[in-house]
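The values are calculated or read from the model by the stated rules, or taken from the named source; none is laboratory data. As the structure is a computational prediction, the values presented were derived from the model and not from experiment. Here the Cβ positions follow ideal geometry from the backbone for every residue, glycine too, while neighbour counts run over all protein chains shown.
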Amino acid sequence: MTILYSFAPVAGNHAKILILGSMPGAASLTVNQYYAHSRNAFWPIIAQLLQIHSDAPYEEKIATLKASSIALWDVLKSCKRSGSLDSSIETDTQISNDFESFFAAHNKITHVFFNGGKAEACFKRYVLPKNDLHWLKLVRLPSTSPANARLSLDDKCRIWHEAIRLALK
């Protein structure tokens, strides 16, 4: 099994919120784009929040994120995984991204939102023990993955939008 690598962060200089996934899925890695799976709810949720078309070109979505107060990244820098499910990530192969440098460069971030439980678990396991991040508010949001079918898109939108709007007040 080959080692998978995540993408560079998407962050403007005035980011206040960091949204963290665990590791890009196979569809995303294939096209080198965050949340590329056609049934993933991430871009529809963010597009509605930032008032852009959900079918806008990827570059426009990224530019809109950078212009907003929202940054995007993944907890893991690399890992081994077959398929796209977080549950298939091999624990002993997980390497986290460099959050010390990231938070030093983006020191206005006050909230970290986890896109699902795996991102939260990896952050708490690999990042928190090595970094003093006591000022951050950490919140797990429902995964936008199509594998998380227990909530409708409307429910996910409501929960995500409420959390992000509260953080931006």
query = Which residues, counting only those in region 138-153, are surrounded by 14 or more Cβ atoms within 10 Å (Cβ to Cβ) and in contact with a His (Cβ under 7 Å, 6 or more places away or on another chain)?
reply = V139
task = Sort out which residues of region 23-60 are outside any loop (DSSP other than H, G, I, E, B), under 28 Å from T91 (Cβ atoms) and either under 15 Å from the mean Cα position of the chain (by Cα) or modelled with pLDDT under 95 (or both), and write them in order of number.
result = A26, A27, S28, L29, T30, F42
message = Going by what's in this entry, would K130 be described as closer than 21 Å to I164 by Cα and among the charged types (D, E, K, R)?
response = no
note = If you go through L136, L166, the only one that is without any contact (Cβ under 8 Å) to a residue 60 or more places away in the chain, of a type outside the set (K, R) and under 17 Å from A11 (Cβ atoms) is L136
query = Condition test on N32, is it touching a residue at least 12 places away in the same chain (Cβ under 8 Å), out of contact with any strand residue (DSSP E or B) (no Cβ under 9 Å at 6 or more places or on another chain), on the phi > 0 side of the Ramachandran plot and not β-branched (V, I, T)?
reply = yes
query = L20 is checked against (1) part of a loop (DSSP other than H, G, I, E, B); (2) closer than 12 Å to W73 by Cα and fails just one. What number does that condition carry?
reply = (1)
ask   = Hey, among the residues in region 147-161 that are under 17 Å from the mean Cα position of the chain (by Cα) and free of Cβ contacts under 8 Å to residues at least 60 places away in the same chain, which one's nearest to F113 (Cα to Cα)?
value = I159
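For (1) of a type outside the set (D, E); (2) surrounded by 17 or more Cβ atoms within 10 Å (Cβ to Cβ), each residue gets a yes or a no:
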| position | (1), (2) |
| --- | --- |
| N13 | yes, no |
| L18 | yes, yes |
| Q51 | yes, no |
| K66 | yes, no |
| D74 | no, yes |
| S88 | yes, no |
| D98 | no, no |
query = Out of all the residues in region 119-138, which are touching a strand residue (DSSP E or B) at 6+ places or on another chain (Cβ under 7 Å) and basic (K, R)?
reply = K137
